[in-house]
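Each remark here refers to the structure printed beneath this line.
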Amino acid sequence: MAAPALLLCARCDAWRLLMPNFDDPDDVFFMHLALHQAAQAYSQAEVPVGAVLVSQGRVVGQGYNQTRSLPDPSAHAEIQALRQAALTLGNFRLPGSCLYVTVEPCAMCLGALMHARVERVVFGAFEPKAGRLCSHPWPDDPAFNHRIRITAGVCEPLARQLMQQFFQARRRAATPGLVGFRAND
Ligand SMILES: [Zn+2]
């Protein structure tokens with residue numbers, strides 16, 4: 001599946017023209033990079049989620065969902081970006097960093113973000129079934145001794161459209177009885 005990578009930015013700019021104060025310009029910039037990562041996943045028939053990890057104003061890690069192609073159930077975009085950032089910085093703790101991810105993180109990824117001491121998470125589309133930051137919040141659980149600042153809904157229309165487009169295409173391509181295709185994985 002070919003992803004409309006260049007179109008993403010043009011659409012996002014159009015969205016910003018409609019709502020000029022909607023997002024912080026830096027958040028939009030880094031979310032663009034995460035959306036391009038998501039487009040990479042899309043082009044490889046992976047659920048299109050992308051992430052970049054920013055530390056002191058520069059990208060130190062990036063990644064996209066690769067659970068099927070690796071195959072690795074933990075290869076969510078957030079985990080890929082965290083792994084690369086930890087290698088880049090030579091530290092498994094990433095204090096002061098910010099993760100940009102196109103879709104609200106799941107339980108596994110939130111756990112990893114907590115362990116890494118990521119300071120802030122900015123996400124695009126809400127994940128009403130499995131999202132653990134806002135949809136089914138965990139961050140206030142007293143078991144966690146770290147707090148993450150959250151910004152939700154940056155470039156949300158693009159991130160959501162990319163997911164919807166992917167699952168619509170996959171449903172069209174799926175043949176009845178085909179094992180291994182689920183709408184929510
Ligand atoms: Zn996840």
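The values are calculated or read from the model by the stated rules, or taken from the named source; none is laboratory data. This one's a predicted model, so the numbers in the text were calculated from it and none came from an experiment. Quick reminder, even Gly has a Cβ in these numbers, built from the backbone with ideal geometry, and neighbours come from all protein chains shown.
Can you find a residue in segment 111-127 that is on the phi > 0 side of the Ramachandran plot and out of contact with any helix residue (DSSP H, G or I) (no Cβ under 7 Å at 6 or more places or on another chain)?
Yes, segment 111-127 has at least one match.
Can you pull out the strands (runs of 3 or more DSSP E) entirely within segment 49-132 that have at least 3 residues that are over 18 Å from residue 33 (Cα atoms) and modelled with pLDDT of 95 or more?
Filter on segment 49-132 gives an empty set.
Pairs under 6 Å by beta carbon, first residue farther than 10 Å from residue 82 by Cα in segment 92-121, partner in a strand (DSSP E or B) and near the ligand (Cβ under 10 Å from one of its atoms), six or more apart or different chains?
101/51
Within segment 61-87, track down each residue that is crowded, with 16+ Cβ neighbours inside 10 Å and either of a type in the set (S, T, N, Q) or over 16 Å from residue 121 (Cβ atoms) (or both).
Passing the criteria: 62, 64, 65, 66, 67, 68, 75, 80, 83, 84, 86.
State all residues of segment 56-82 that are among the β-branched types (Val, Ile, Thr) and more than 12 Å from the ligand (Cβ to nearest atom); if no residue qualifies, say none.
Of everything in segment 56-82, those that are among the β-branched types (Val, Ile, Thr) and more than 12 Å from the ligand (Cβ to nearest atom) turn out to be 59, 60.
In segment 143-152, is there at least one residue being within 12 Å of the chain's Cα centre (by Cα), surrounded by 23 or more Cβ atoms within 10 Å (Cβ to Cβ) and not acidic (Asp, Glu)?
Taking every residue of segment 143-152 in turn, none turns out to be within 12 Å of the chain's Cα centre (by Cα), surrounded by 23 or more Cβ atoms within 10 Å (Cβ to Cβ) and not acidic (Asp, Glu).
Inspect segment 86-105 for any residue being of a type in the set (Gly, Ala, Ser), over 21 Å from residue 152 (Cβ atoms) and more than 10 Å from the ligand (Cβ to nearest atom) and give the result as yes or no.
Looking for residues that are of a type in the set (Gly, Ala, Ser), over 21 Å from residue 152 (Cβ atoms) and more than 10 Å from the ligand (Cβ to nearest atom), one finds at least one in segment 86-105, hence yes.
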